[in-house]
């Protein structure tokens, strides 16, 4: 079964009423199929790419690999040291894992507003640069997950998503937030403060000079980073 047939099969399952969830994750998509927006019974739409390896973890793994390769005497199990070939292979994998996939969705059409029963929308690690104002038509949306995209601003319609419980906008270059955002009743996390707290946490973990660790811990708790 090729990719087009797989997509058609999953869409037809929703049309036939066998499910209200559609998952097109991990496929080589550069756009959302237009037929998806006619699935008004849809409650969950997931089209996410795998997250790249966390930069901090990658650095730690590289340090560990280099230490094992260059200083085998420091390894408790002498048979566990890496050969130059093994080190090269590991570093190659790390470089690949820290990169975003080549096939990514760049546009979220206004037609998304037709999915009036949508409760969960997950478009993680795509390349979406702009959110349509029609997003605000999703009146029962509870979870909006868009980490690792290229969104620079939130549309005014975002404020109409009054049932949101979880909003994940990590790793987006958002420079403009709509006025009134703080008045939304169920938002659990705001990206600007999360990003500040996470950066402070990462700096502390990496051993950089950081004198206000206690304050960062309080911010972690406040914005859910301790979970």
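The values are calculated or read from the model by the stated rules, or taken from the named source; none is laboratory data. What you are looking at is a predicted structure, and each value in this text was computed from that prediction instead of being measured. Heads up, the Cβs are rebuilt from the backbone with ideal geometry, glycines too, and the neighbour counts pull from every protein chain shown.
Brief remarks on what is shown
- The residues listed here are 112, 166, 151; of these, the one that is at pLDDT below 85 and closer than 21 Å to residue 48 by Cα is 166.
- Within segment 131-161, if we keep just the residues that are in contact with a strand residue (DSSP E or B) (Cβ under 9 Å, 6 or more places away or on another chain), part of a loop (DSSP other than H, G, I, E, B) and in contact (Cβ under 8 Å) with a residue 24 or more places away in the chain, the residue that is nearest to residue 42 (Cα to Cα) turns out to be 138.
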